[in-house]
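The values are calculated or read from the model by the stated rules, or taken from the named source; none is laboratory data. Since the structure is predicted, the reported quantities are computational estimates derived from the model, not experimental observations. Heads up, the Cβs are rebuilt from the backbone with ideal geometry, glycines too, and the neighbour counts pull from every protein chain shown. Calculation scope for accessible area: heavy atoms of the full protein, side chains included, ligands and nucleic acids excluded. Shrake-Rupley method; radii C 1.70, N 1.55, O 1.52, S 1.80 Å.
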Amino acid sequence: MLLKIDNINVSYGKKDNQIVALKDVSLQVEKGEFLVLMGKSGCGKSTLLNVLGTLKNPTAGEYYFNGNDVINMSDREKAKFRNKNIGFIVQHFALMNERTVYENIALPLHYMRMGKREIKERIDELLENMEMADRKNAYPNELSGGQCQRVAIARALATRPEVILADEPTGALDEETGNKIMQLLQRINQSGTTVIMVTHDSDFAKLGDRCITMKDGRIV
Amino acid sequence: MILIRCKNIWKMMCNDTVVVTLLLLLITSCLVLTGNIVQKQEKSQKKAEEFQEQYGDMEHYWTAEALDDLDYNTYTHDDTGKLYDKLSNIRQLLWSEEQFQFYTCSPQPIEIKNKMENIFLYGYEQGNTECSVQEIDGIMRYTTKCLLVSEKFFDCNNIKIKTGRGFEEEDYQYNKGENVPVLLGSAYEEYYNIGDCIQAEYLYEDMTLQVVGFLDSDMFFISGLDQDFTSTERYIILPAFRIDELSFFSQILSLSELNGGIASQIGISKTKQICYDIIRGQGVTWNINIVNPETVGSMPVIERYSKMTKQIAGQFKILVVLVTVFATVALILNMFSILRKNKYQFGIEMLCGSSYKGIFVESFGLVFVILLVGDMWASLILKAIGMGLYSLIFIQSLVGAVLIITCISCYFYMKKMEIGKIIGGTE
């Protein structure tokens, strides 16, 4: 088992005006699994991804990754954990517009304290796989949506994480580009990387090994 | 890693070039202003303390000769010189009295026969200098402000020499036909040099004045005439001469030398008594007026001056606080705006493995860079305009305080901003 969460609760706001985003959510994800999370807007899918990505501390519950307690990690340990084990792909790509494709992909590698030469080799390989080798000096605003998402995927894969958290990765793309991105994610999963993906698209959901539906902060 | 942080800070600055430049200008100007104010505040404070030290335990009285018309006529028409000797003795005994400090400070005008700037003439402050310029026998004469002073005048009024020398013992001895050494107030510095000679007529006596020094700026004397502290900057300072020879000049000069002040710790009654004893001791019935300014004005002049100086120092302090608060608030608000603009970038950095601490370090780094550059510019400007070490040290400490306050504010703002929240919308 790669990760396990137990009775995770997340709530926002003060006591008298509290909004519950996650209510007693428990989940286990196996290594190499392609898990799809579905549900209406506001049902808690993204909050769950935030918790799994250690970007949000749950109000209560337990979270183990490879048997290690994640909840009680310090801010620094969580950052290191995130950098090493998790790759993020988000709907609007989350690329820095004033940095080149190369610089964007290099960012997590810098946090990993990788040497310059290794970074170059790693990025060249990734860009080759993404068929983006000729655009490494381009800026995100010079790329199409599909290309931007491929850069974001390359960045997510740069540190060779164990799990990819994808939040609506095809949400901002047309159907054809979306299909290509999904194929890419499938390839990544087939190479052994666990993928947890949030999507509204039921066709894409069918591509996962398992599909979980969420409603009102609970897994149903 | 440090390089990445530096690069991120640089990128943030580049993304907001206009705001950062304006902030730098604001910080620099506020620091320069603060440095200036602090320097002035320190000067005022020092002056207040100096005055307290100088005059705190002393009472100051004004003196003036008070011969009635008969006595005056008798004195000036006495060809035997007996009365002149008596007056000279009285004056000498007063100068050397040990129970109080008597000094001559007689604001008698002097007629200068060289061209004189308007600012030095009588009536300048009232905007009427026309009466101070006359042509007599084809020579233009300028009625100029002049003080006749004895040795103790300098110590009792804390008057300091800026350049040249002060009066020496032999300067007080008047020898007809020889140059008369004079000190000039600081405003004269741009018109005269040490060693320059000025043709003049003082109490109907022609003389050549020779400049031997300049007084420091911001020097004041207690003026019985104005009943206040008066700046020395536009005055010619003549030594209170001792003249052995009897003449009309020496007679009226000696009378004039009774005008001045007394710094005393023994009270007005006892001081008056000693003065009368000295006069009666010479066998004359003349009188001199000794006035306690406390009975003239509603507040003693020294206390008023000291209070004024302290008030100014206090006002400077308020100004410093206002400027600092303004700069800090402006910096904090603009930092918030920069942080808001960079929220997405921070989120991306978090996704890539940065810690919250790392993001805070970046924002603190930005504050640090802005303050450091502003501080450096301000320090250079302050140094260039001749501000002292005190103001430089003060602004460094101020920058430190502003840095801490701004960083703390940014920390809480970023905590509230939820920089890590980049996935999904609001649930």
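Per-residue mean of other chain beta-carbon atoms within 10 angstrom of the beta-carbon, peptide B:343-351?
Mean shielding count: 6.
Mind checking which lysines have their Cα closer than 22 Å to the Cα of A:Lys136? Skip sequence neighbours fewer than 8 apart in that chain.
In chain and number order, the partners are A:Lys116, A:Lys120, A:Lys180, B:Lys7, B:Lys11.
I'm a student and want to see the number: the projected area of the Cα convex hull of segment B:339-382, averaged over all directions, in nm².
3.4
Give the separation of the Cα centroids, segment B:187-254 to segment B:330-385, in Å.
60
What angle, in degrees between 0 and 90 and rounded to the nearest 10, separates the Cα long axis of helix B:301-341 from the longest principal axis of the Cα atoms of chain B?
Long axis of B:301-341 versus the principal axis of chain B: about 20 degrees.
Quick check on the protein assembly as shown: of the DSSP beta bridges with both residues there, what percent are antiparallel, nearest 5%?
So the antiparallel bridges amount to about 65 percent of the total.
Arrange the peptides B:350-360, B:75-85, A:120-130 so that the one whose residues have, on average, the most other Cβ atoms within 10 Å appears first. All intermediate terms of the calculation are to be shown ahead of the outcome.
Numbers: B:350-360: 22.1, B:75-85: 14.3, A:120-130: 17.0.
Highest-to-lowest ranking by the protection proxy: B:350-360, A:120-130, B:75-85.
Run the numbers on chain A and let me know its relative contact order in percent, using alpha-carbon pairs under 8 Å that are six or more apart.
31
At 1.4 Å probe size, with the rest of the protein present, what percent of the exposed accessible area of segment A:82-220 is carbon and sulfur atoms?
Here carbon and sulfur together make up 43 percent of the probe-accessible area.
So what are the three principal axis dimensions of segment A:121-166 from its Cα atoms, in whole Å, longest to shortest?
30, 24, 14
Once you sort the root eigenvalues of the Cα gyration tensor of segment A:140-191 as a ≥ b ≥ c, which label holds: rounded (a/c under 1.5), prolate (a/b larger than b/c) or oblate (the other case)?
Oblate is the answer for segment A:140-191, as a/c is 1.5 or above yet b/c matches or exceeds a/b.
Angle between the Cα long axis of helix B:2-15 and the longest principal axis of chain B, 0 to 90 degrees, nearest 10?
Approximately 70 degrees, to the nearest 10.
List, largest first, the extents of the alpha carbons of chain B along their principal axes, each in whole Å.
Computed over chain B, the largest-to-smallest principal extents equal 113, 51, 35 Å.
Accessible area, 1.4 Å probe, largest first: how do B:Lys176, B:Lys343 sort?
On the way: B:Lys176 145, B:Lys343 70 Å².
Per-residue accessible area, sorted high to low, gives B:Lys176, B:Lys343.
Taking the 0 to 90 degree range and rounding to the nearest ten, how far is the long axis of helix B:17-55 tilted relative to the main principal axis of chain B, both from C-alpha atoms?
Its long axis makes an angle of about 30 degrees.
Is the shape of the protein assembly as shown best called rounded, prolate or oblate, per the rule: a/c under 1.5 gives rounded, else a/b larger than b/c gives prolate, else oblate, with a ≥ b ≥ c the square roots of the Cα gyration tensor eigenvalues?
prolate
From the helices alone, meaning DSSP H stretches of at least four residues, give me the mean residue ellipticity at 222 nm for chain B, per-run term -39500 (n - 2.57), in deg cm²/dmol to the nearest 500. Please report the intermediate quantities before stating the final value.
Details: 11 runs with 212 residues, N = 427.
The helix-only estimate for chain B comes to -17000 deg cm²/dmol at 222 nm.
Cα centroids of segment A:155-220 and segment A:73-145: how far apart, whole angstrom?
Result: 18 Å between the Cα centres.
Below 8 Å between Cα atoms, with a sequence gap of 6+, how large is the relative contact order for chain B in percent?
Details: 623 pairs, mean separation 113.1, N = 427.
About 26 percent, as a whole number.
I'd like the mean, over residues of A:110-121, of how many other protein chain beta carbons sit within 10 Å of each residue's own Cβ.
Working: counts 8, 8, 3, 2, 0, 0, 0, 0, 0, 0, 0, 0.
Going residue by residue through A:110-121 and averaging, the value is 2.
Grab the DSSP H runs of chain A that are 4 residues or longer, score each as -39,500 (n - 2.57), total them, divide by all residues and round the 222 nm result to the nearest 500 deg cm²/dmol.
-10500 deg cm²/dmol
Could you tell me whether segment B:126-256 comes out rounded, prolate or oblate from its Cα gyration tensor? Rule is a ≥ b ≥ c as square roots of the eigenvalues, rounded for a/c under 1.5, then prolate if a/b exceeds b/c, otherwise oblate. Don't jump to the answer; show the numbers that get you there.
On the way: a/c = 1.32, a/b = 1.09, b/c = 1.21.
The shape class here is rounded.
Which whole number gives the average, over all residues in A:46-56, of C-beta atoms from other chains lying within 10 Å of the residue C-beta?
Working: counts 7, 5, 3, 2, 7, 0, 1, 5, 2, 9, 4.
Mean number of neighbouring Cβ atoms from other chains: 4.
Once Lys and Arg get +1 and Asp and Glu get -1 on their Cβ, which of A:Asn137, A:Thr199, A:Phe88 lies farthest toward the positive end of the dipole of chain A?
A:Phe88
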